[in-house]
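Below is one structure, written out as structure tokens; comments come after it.
All of the numbers you see were taken from the coordinates with simple rules; none came from a lab. Please read all numbers here as calculations on a predicted model, not as lab measurements. Here the Cβ positions follow ideal geometry from the backbone for every residue, glycine too, while neighbour counts run over all protein chains shown.
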Amino acid sequence: MKEFALIYRSEPLGEIKLTPEGTMAVSKEWENWMGGIAAQNKLVSPGMRLGNEGRTVKPGNIVTNGPYAEIKEIVGGLSIFRAESIEEATEMAKSCPILNVGGNVEVRDIIQMNAQ
Amino acid sequence: MQEKELIPQLYRSEFRKITAVLCRLFGIEHISIAEDIVGDTFLLAAETWGFKGIPQNPAAWLYTVAKNKAKDFLKRNAIYNEKVSPAIQLASENTNEVEVDLSSNNIKDSQLQMMFAICYPGIPPESQIGLSLRILCGFSIDEIADAFLTNKETINKRLYRAKEKLKEDKVKIEMPPDAEIDKRIDNVLITLYLLFNEGYYSSSKNAVLSKDLCLEAMRLTYMLAENTSTNKPDVNALLSLMCFHASRFDARIAPDGELILYDDQDISLWNNELITNGEHFLNMAARGNVVSKYHIEAAIAYWHTADKDSPEKWEKVLSLYNRLLIIEYSPIAALNRTYALAKVYGNEAGIAEAEKLKLENSNLYHGLLGELYTGVDNKKAIDHLTTASKLTKAAADRKVILKKIEKLKAG
């Protein structure tokens, strides 16, 4: 088994207005999805959610406001899954709730940093 | 009372108290001697009381004899043993009279300290449980062997190795400093949790013994909750979990020893006092901002004492299982989560999730699929239940499964 990082990208979610019931529904969706991955013993770490605030540091002492890349899209969080291959990890990512709000998931293989 | 009934009763209540005090006094390297002295004390009681009659205060008699034997040992040991424990060194330097303190306070302190010493991560969990049963609960080797479904020799070997390891690693019998309690208590709680489960899910035929294991685990956990320095939120959460489970003791075993599944239990047999206690400890557990797996499991157990089948209940249970799995994977939690998911989203959704679990070697996995396919595809249900009946080791479980198959074939 290898480990893969799932990087969740979308428009800043705070800007999508949700009722309290809406928020509950979204977190239930995420919890069920993550719980389903964990039930297969394929969750290495639920990782973390990231807020909407951010700064980007570039060469030449340039700091820009916001976590945005070129378009208005931010990394909303990341988790680490266990899978045999990047194909399997991608398959798991296909049911990620971020896709329901127009976001996307980047699946990346993890390079182990253990001592030689 | 006849001494034939009295002695086993005293053995159950006093052996562990005297042993813990002597262990602490002698040091970890002399656990076996402490056990032997207490064992000899009971032998002497059996011999003496048989023809002299039972003394007025039998427990005090035991304490006095054990004290004298302990003092004799310390004196002898101080003379010819060079590798003396601190307690013995102290004894030989200061005075010939050693204080063997069998006051209830010292008994409690000694038991707590022994709990931390025994639940030492350097020895395997089954040895920690075995030693706890022997030293902290006063179980005989036969009873421990019965609880583990193995023989005396295996248990004796296991305990011997564990004691040697404790000696080798010079484990101290003392309360960890306050700053370290949080770290060390995790392991104590794991052992108590396993001890309880050993009783609750035991495949031993001896139902009384199984219940005793659970009660002992609860007693030890309660000791931690009573002590200010160990009265932590997760201790209360574990105790709450145990209370909720234990509330169903009488409802889950039929008079003929057969296991009664949750769905078929007679609610009037649930013990309301234990449920109330469970709620109390769950509230105590909520102080502080730690959410341990015991909190989540206690909350799941709480919902199982509530109404049998409300939609709210299964939504909550599913959510709790999701969170539990995110903290720590276990096959049982994965199966239970899937059951709850089927209760909320229907059997077909449950089947799709279940088939991802890939636990083909587990009887419970096939049992679950058998349950979920029932009414959806009865042929598949029968197939899975048949596999489950072949995989299960417990005769009581097999009986329940075979009944279900019969019902499906008839229907």
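Mean-square fluctuations from a GNM of chain B, with a 10 angstrom spring cutoff on Cα atoms, peak among B:K390, B:K379, B:K52 at B:K52.
Suppose the Debye formula is applied to equal point scatterers at every Cα of the protein assembly as shown; what is log10 I(q)/I(0) at q = 0.05 Å⁻¹? For the protein assembly as shown, the Cα-only Debye profile gives -0.28. Entry note, chain B: relative contact order of 10 percent, from Cα contacts under 8 Å with a spacing of 6+ residues. Short-range pairs are left out: with C-alpha atoms under 8 Å and at least six residues apart, the relative contact order of the range A:2-109 is 49 percent.
The distance linking the range B:301-351 with the range B:176-242 is 24 Å (Cα centroid to Cα centroid, whole angstrom). Taking a ≥ b ≥ c as the square roots of the eigenvalues of the Cα gyration tensor, the range A:2-109 is classed as oblate, since a/c reaches at least 1.5 and a/b does not exceed b/c. With the simple model of a label 7 Å out from the Cα in the direction of the Cβ, B:L209 to B:K4 spans 2.2 nm.
As a check on your grasp of the helix formula, calculate [θ] at 222 nm for chain B: sum -39500 (n - 2.57) over DSSP H runs of n ≥ 4, divide by the residue count, round to the nearest 500.
Taken over chain B, the calculation gives -23500 deg cm²/dmol.
The residues packed around B:I326, meaning those with a beta-carbon under 15 Å from its beta-carbon, carry a net charge of +3 if Lys and Arg are +1 and Asp and Glu are -1.
Determine the sum of side-chain charges near A:Q112: Lys and Arg each +1, Asp and Glu each -1, restricted to other residues whose C-beta is under 11 angstrom from that of A:Q112.
It works out to a net charge of -1.
With K and R counted +1 and D and E -1, the other residues having a Cβ less than 10 Å from that of B:H245 yield a net charge of +1. Here the calculated FRET efficiency for B:E258 and B:I332, from their Cβ-Cβ distance with R0 = 22 Å, stands at 0.55, rounded to the nearest 0.05.
Placing dummy labels 7 Å off each Cα toward the beta-carbon, the span from B:D250 to B:S310 is 2.5 nm.
At 7 Å along Cα-to-Cβ for each site, give me the label-to-label distance between B:A352 and B:N187 in nm. In this crude spin-label approximation the distance works out to 4.6 nm.
The alpha carbons of the range B:324-411 give a radius of gyration and a Dmax of 12.8, 43 Å, in that order. In order along the range B:249-256, the phi-based Karplus estimate (6.51 cos²θ - 1.76 cosθ + 1.60, θ = phi - 60°) of 3J(HN,Hα) comes to 2, 6, 8, 9, 10, 6, x, 8 Hz; Gly and Pro are listed as x. Report the FRET efficiency, 1/(1 + (r/R0)^6), for B:E126 and B:R398, where r is their Cβ-Cβ distance and R0 is 22 Å, rounded to 0.05. Computed FRET efficiency for B:E126 and B:R398: 0.30. Distance from the Cα centroid of the range B:373-393 to that of the range B:16-51 is 53 Å (rounded to whole angstrom).
Our coupling estimate for the range B:173-190, obtained by passing each phi through the Karplus curve with A = 6.51, B = -1.76, C = 1.60 and θ = phi - 60°, is 8, 7, 6, x, x, 3, 5, 9, 4, 3, 6, 6, 5, 3, 5, 4, 5, 4 Hz, Gly and Pro reported as x.
Across the range B:347-396, C-alpha contacts under 8 Å between residues 6 or more apart give a mean separation that, scaled by the residue count, equals a relative contact order of 37 percent. Estimated from helices alone, the mean residue ellipticity of chain A at 222 nm is -8000 deg cm²/dmol (sum of -39500 (n - 2.57) over DSSP H runs with n ≥ 4, per residue).
Here the Karplus curve 6.51 cos²θ - 1.76 cosθ + 1.60, taken at θ = phi - 60°, turns the phi angles of the range A:92-102 into couplings of 5, 5, 5, 9, 5, x, 4, 5, 6, 10, x Hz, with x standing for Gly and Pro.
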